[in-house]
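Below is one structure, written out as structure tokens; comments come after it.
The values are calculated or read from the model by the stated rules, or taken from the named source; none is laboratory data. Keep in mind the model is a prediction, meaning the values are calculated, not measured. Here the Cβ positions follow ideal geometry from the backbone for every residue, glycine too, while neighbour counts run over all protein chains shown.
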Amino acid sequence: MDFRLSTRYFRDLFSPEERRRRDTQIAALVNEAATIALSSESAAADLHAFYPAHARKAEALRFAVTPFALTGEEPARDVPEQFFLVCNQFWKHKKPRDHLRALRLLRAGRLKLGVLCTGQLDDYRDRAFVESIRAVLHHREVGAQASLLGIVRGRNRSP
């Protein structure tokens, strides 16, 4: 659960009806859960602030990324040798332009790394947003360094 994305922080992104519905759903989940796994200490702090009666249920998990090599089992499609992997939705409040600014700064320092971006390429609140990101990629000349892959789904492999 991610309280940072709660309607309490981004009220302008949600209609009053949607805020009520989401807040009701989150309150029900918090009330029913024996343990609440959170993605960060800041999310745990939000749980403490917004649902103090349930603060003892909070458990902030620490995620770590282990570098890996591509095995060659699947053909790599234009995957740069060195890259950042960004897994996030392409919504304004996720600030995807920050990744593009970082690319530009790296490029200015003569460091050319790739960025592979996964996540939903649509924001129902602003249907033109992803196209504006694509335009920034094109105009900033970092488009060759970034790939917007969209939602990536694995395949079931039968034994």
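A few remarks follow.
- Selection status of ARG21, at pLDDT 80 or above, farther than 30 Å from VAL136 by Cα and either touching a Gly at 6+ places or on another chain (Cβ under 9 Å) or outside any strand (DSSP E or B) (or both): yes
- Which numbered condition VAL65 fails, given (1) modelled with pLDDT of 85 or more; (2) over 25 Å from ARG125 (Cβ atoms): (1)
- Per this entry, ALA43 is counted among residues that are at pLDDT 75 or above and surrounded by 10 or more Cβ atoms within 10 Å (Cβ to Cβ).
- Check on ARG140, modelled with pLDDT under 75 and surrounded by 13 or more Cβ atoms within 10 Å (Cβ to Cβ): yes
- Residue, nearest to the chain's Cα centre (by Cα), within the stretch 11-59, restricted to residues that are within 20 Å of HIS93 (Cα to Cα) and among the polar types (S, T, N, Q): SER39
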